[in-house]
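The structure under discussion appears below in the form of structure tokens.
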Ligand code: HGY
Ligand code: MN
Ligand code: MN
């Protein structure tokens, strides 16, 4: 069965117009915003136009199945269509539109299958507006209650439940949701490995561990001109040292350890005022859980030392914490064998980014397929993957999904 690459590329292009970032090929569709709603509406229209049975659950996860009984026991593809604020057009969107394309091509070929096919987009995979990331798929597998999802407050002061209501996606379908027979997520690599090595397909063995911490440093607001340095309790001075410490922890640990300070806000954020408080986030990741815990411990030791020295109070809270995940060898092997049969170059690799697949792996055999990201750039409007890689990845997803309808676990 051959997928229709032209149709796939046209849908990627059409969805990317929603929340398009002027002058780039990127888009901005933060979770539960109007642009997210518009993107959801468009993809749902494509799903219902195919005659699929479409459900919306209590946290806005959308699942479309070829079976009127829903997605239980289906071979499911899926990902997300929300983006970071300065996102690309492929992150998440590819996996959803590729899954839709596989189903449409399979229906058109009138192939008899032992199992239904399904495709899903999960709510708020990015976690940028409302932590944690992979929020919708985490709830879908019962890793977080619907109640606790709905009450989460974003940095902008809005609440998930209200926003879901406002955009009309607080659905009636049960959450946790239907358990698939198998799940495969096609995604851009978002890193430099495949592009650097000129490899066409990443056979993903698992996802690294993720630790997001919010740190609030409370000092004393004061006059920038009259306050001697020795009398300051400056939270920005603490934040700056902590950011450097986080970076050193990653470079000293080496290996896959990474550390990112992605957000920092000062209050009152005025040129002539020593800040009252500084709030920052630290994103730590590692494929090894023991090393990730070591990095977390080192970070908090540094935080406390620096804050104590500056007589600044620290408040910290975890925004997300997921241990590394390994995908099911049977699915990983299936993807690799099919790619090689097609003559595609492949390499096995971990995922540096978080994905919905790492949550669905809790309930059914799961795997991922990566296609190259040009220069490894992602979470950036310049994110790019060549058409031939998008089509090859989607065809491999189709082959894998159909093969998985034949296996019993
Ligand atoms: O944070 C991540 O890795 C993903 O993009 N949500
Ligand atoms: Mn993604
Ligand atoms: Mn992302």
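The values are calculated or read from the model by the stated rules, or taken from the named source; none is laboratory data. The structure displayed is predicted, hence computed values, not measured ones. FYI the Cβ positions are ideal-geometry reconstructions off the backbone, even for glycines, and counts take in every protein chain you see.
Scan 84, 119, 75, 102 and give me the residue that is assigned by TED's automatic domain parsing to the domain that holds residue 24, under 28 Å from residue 22 (Cα atoms) and at pLDDT 95 or above.
Every option except 84 fails the conditions.
Every residue, every condition in (1) closer than 24 Å to residue 191 by Cα; (2) more than 16 Å from ligand 1 (Cβ to nearest atom); (3) in a strand (DSSP E or B), yes or no:
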{"site": "335", "(1), (2), (3)": "yes, yes, no"}
{"site": "385", "(1), (2), (3)": "yes, no, no"}
{"site": "400", "(1), (2), (3)": "yes, yes, no"}
{"site": "403", "(1), (2), (3)": "no, yes, no"}
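Looking at (1) under 17 Å from residue 18 (Cα atoms); (2) surrounded by 23 or more Cβ atoms within 10 Å (Cβ to Cβ); (3) more than 16 Å from ligand 3 (Cβ to nearest atom), find the lone condition where residue 41 falls short.
(2)
Which is farther than 13 Å from residue 81 by Cβ, surrounded by 17 or more Cβ atoms within 10 Å (Cβ to Cβ) and modelled with pLDDT of 95 or more, of 8, 50?
Values: 50 fails: surrounded by 17 or more Cβ atoms within 10 Å (Cβ to Cβ).
8 is the lone residue from the list that is farther than 13 Å from residue 81 by Cβ, surrounded by 17 or more Cβ atoms within 10 Å (Cβ to Cβ) and modelled with pLDDT of 95 or more.
Could you please give the count of residues in region 109-149 that are touching a residue at least 12 places away in the same chain (Cβ under 8 Å) and under 29 Å from residue 13 (Cα atoms)?
Residues meeting the conditions: 26.
Test each condition in (1) surrounded by 21 or more Cβ atoms within 10 Å (Cβ to Cβ); (2) outside the structural domain of residue 93 (by TED's automatic domain parsing) for residue 216 and report the one that comes out false.
Status for residue 216: all satisfied but (1).
Taking into account only those residues within region 132-169 that are within 15 Å of ligand 2 (Cβ to nearest atom) and in a loop (DSSP other than H, G, I, E, B), which is farthest from residue 185 (Cα to Cα)?
Among them, the one singled out is 132.
In region 171-189, which residues are in a loop (DSSP other than H, G, I, E, B) and either out of contact with any strand residue (DSSP E or B) (no Cβ under 6 Å at 6 or more places or on another chain) or closer than 18 Å to residue 135 by Cα (or both)?
Across region 171-189, the qualifying residues are 171, 172, 174, 175, 176, 177, 178, 179.
Would you confirm, using the coordinates I've provided, whether residue 125 is within 15 Å of ligand 1 (Cβ to nearest atom) and under 30 Å from residue 3 (Cβ atoms)?
In short, yes.
Can you tell me which residues in region 17-47 are free of Cβ contacts under 8 Å to residues at least 60 places away in the same chain and closer than 22 Å to residue 137 by Cβ?
Matches in region 17-47: 18, 28, 29, 35, 38, 39, 41, 42, 44, 46.
Can you spot a residue in region 156-169 that is closer than 27 Å to residue 207 by Cβ, surrounded by 18 or more Cβ atoms within 10 Å (Cβ to Cβ), modelled with pLDDT of 95 or more and within 16 Å of ligand 3 (Cβ to nearest atom)?
Checked region 156-169: no residue is closer than 27 Å to residue 207 by Cβ, surrounded by 18 or more Cβ atoms within 10 Å (Cβ to Cβ), modelled with pLDDT of 95 or more and within 16 Å of ligand 3 (Cβ to nearest atom).
Filter region 194-210 down to the residues that are in contact with a strand residue (DSSP E or B) (Cβ under 6 Å, 6 or more places away or on another chain) and not in a strand (DSSP E or B), then identify the one that is surrounded by the fewest Cβ atoms within 10 Å (Cβ to Cβ). Write out each step before concluding.
Start the filter on region 194-210 by keeping residues that are in contact with a strand residue (DSSP E or B) (Cβ under 6 Å, 6 or more places away or on another chain), which leaves 194, 199, 201-210.
From what is left, the residues that are not in a strand (DSSP E or B) are 194, 199, 208.
Details: 194: 24, 199: 19, 208: 23.
If we take residues in region 194-210 being in contact with a strand residue (DSSP E or B) (Cβ under 6 Å, 6 or more places away or on another chain) and not in a strand (DSSP E or B), then 199 is surrounded by the fewest Cβ atoms within 10 Å (Cβ to Cβ).
Is region 47-64 home to any residue that is on the phi > 0 side of the Ramachandran plot, outside any strand (DSSP E or B) and in contact with a strand residue (DSSP E or B) (Cβ under 8 Å, 6 or more places away or on another chain)?
no
Quick check on region 343-357: of everything there that is within 16 Å of ligand 1 (Cβ to nearest atom) and assigned to a loop (DSSP other than H, G, I, E, B), which residue is surrounded by the most Cβ atoms within 10 Å (Cβ to Cβ)? Give the steps one after another, and end with the answer.
Step one: filter region 343-357 for residues within 16 Å of ligand 1 (Cβ to nearest atom), giving 349-357.
From what is left, the residues that are assigned to a loop (DSSP other than H, G, I, E, B) are 352-356.
Numbers: 352: 19, 353: 20, 354: 25, 355: 28, 356: 32.
Across region 343-357, the extreme among qualifying residues is 356.
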